[in-house]
1. Can you find, within the range 52-71, the residue that is nearest to GLY116 (Cα to Cα) among those that are part of a helix (DSSP H, G or I) and of a type in the set (A, V, I, L, M, F, W, C)?
2. Just checking, does the range 32-55 include any residue being within 22 Å of ASP131 (Cβ to Cβ), modelled with pLDDT under 50 and of a type in the set (S, T, N, Q)?
3. Taking the conditions exactly as written (assigned to a helix (DSSP H, G or I), at pLDDT below 90 and hydroxyl-bearing (Ser, Thr, Tyr)), does TYR9 satisfy them or not?
4. Could you say whether any residue in the range 124-132 is assigned to a loop (DSSP other than H, G, I, E, B), out of contact with any helix residue (DSSP H, G or I) (no Cβ under 6 Å at 6 or more places or on another chain) and under 20 Å from TRP64 (Cα atoms)?
5. Return yes or no: is ASP172 among the acidic types (Asp, Glu), within 22 Å of PRO38 (Cα to Cα) and in contact (Cβ under 8 Å) with a residue 24 or more places away in the chain?
6. Can you name the residue in the range 138-159 that is of a type in the set (Ser, Thr, Tyr) and in a loop (DSSP other than H, G, I, E, B) and is also surrounded by the most Cβ atoms within 10 Å (Cβ to Cβ) among such residues?
Amino acid sequence: MKKLICLFYFIFAFAFVFSENIEQSKNCMNEYSVIYKPSFMIIGIECRTKNGADYAAVDIPAHWEKFKSQDIYNKVPNKVSDECYGLYTNYESDHMGAYSLIIGYRVSSIDEIPEGMVGRVIPESAYAVFDVSGEFPKSLIATWEKIWSLNLNRAYTGDFELYTEKFMQNTDRPLEVYISIK
């Protein structure tokens with residue numbers, strides 16, 4: 001049930017990403033920190049899209065609905081945790097080009113990938129980590145807008161939103177956005 005609620009919030013977040021009249025939430029994003037993460041594997045469902053009102057604003061909510069309706073949580077083998085990932089990868093160029101969104105879970109192995117799903121190894125990387133909290137989904141939208149405006153030396157190997165148990169337990173919906181950097 002927790003997973004379904006999480007997905008519900010994802011759908012709303014991306015439905016509003018490209019709205020022209022979004023008010024930025026106060027204190028929605030602190031400065032980012034930089035950390036190093038070793039490589040990891042993920043299994044989930046994938047869609048290809050690009051930013052823009054005619055693409056991501058339609059594709060991403062539909063993809064989250066597919067994730068929910070197909071009960072992906074119970075179909076991913078070898079999960080190492082219940083943390084849900086929204087992984088942005090396979091970038092054509094930068095954040096304005098096409099990319100893949102894989103919604104899924106971190107796993108211990110990608111040797112067994114269910115039909116209709118994909119497995120990816122995300123390479124080790126340094127990440128700019130943005131803590132997001134506040135009125136959801138406005139806080140997440142404001143964070144992505146801020147990321148796009150920053151002059152980060154992005155690697156575009158795998159950026160992700162990490163939804164933990166804290167997201168479900170707190171009213172300010174804390175989560176983290178990890179941006180791979182060089």
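1. The extreme case among them is PHE67.
2. So the first thing to find is which residues in the range 32-55 are within 22 Å of ASP131 (Cβ to Cβ), and the list is 32-38, 40, 42.
Now restrict to residues that are modelled with pLDDT under 50: none.
Checked the range 32-55: no residue is within 22 Å of ASP131 (Cβ to Cβ), modelled with pLDDT under 50 and of a type in the set (S, T, N, Q).
3. Working: assigned to a helix (DSSP H, G or I): yes; at pLDDT below 90: yes; hydroxyl-bearing (Ser, Thr, Tyr): yes.
Spelling it out, TYR9 is indeed assigned to a helix (DSSP H, G or I), at pLDDT below 90 and hydroxyl-bearing (Ser, Thr, Tyr).
4. no
5. On the way: among the acidic types (Asp, Glu): yes; within 22 Å of PRO38 (Cα to Cα): no; in contact (Cβ under 8 Å) with a residue 24 or more places away in the chain: yes.
Against the criterion (among the acidic types (Asp, Glu), within 22 Å of PRO38 (Cα to Cα) and in contact (Cβ under 8 Å) with a residue 24 or more places away in the chain), ASP172 does not qualify.
6. TYR156
The rows are residues; the columns are (1) buried (at least 18 other Cβ atoms within 10 Å of the Cβ); (2) part of a loop (DSSP other than H, G, I, E, B).
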| site | (1), (2) |
| --- | --- |
| LEU87 | yes, no |
| HIS95 | no, yes |
| SER109 | no, yes |
| ILE113 | no, yes |
| PHE136 | yes, yes |
| GLU161 | yes, no |
| LYS166 | no, no |
| GLU176 | yes, no |
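The values are calculated or read from the model by the stated rules, or taken from the named source; none is laboratory data. Bear in mind the structure is a predicted one, so any value in this text is a computation, not a measurement. Counting neighbours? That spans all protein chains shown, and the Cβs are built from the backbone with ideal geometry, glycine included.
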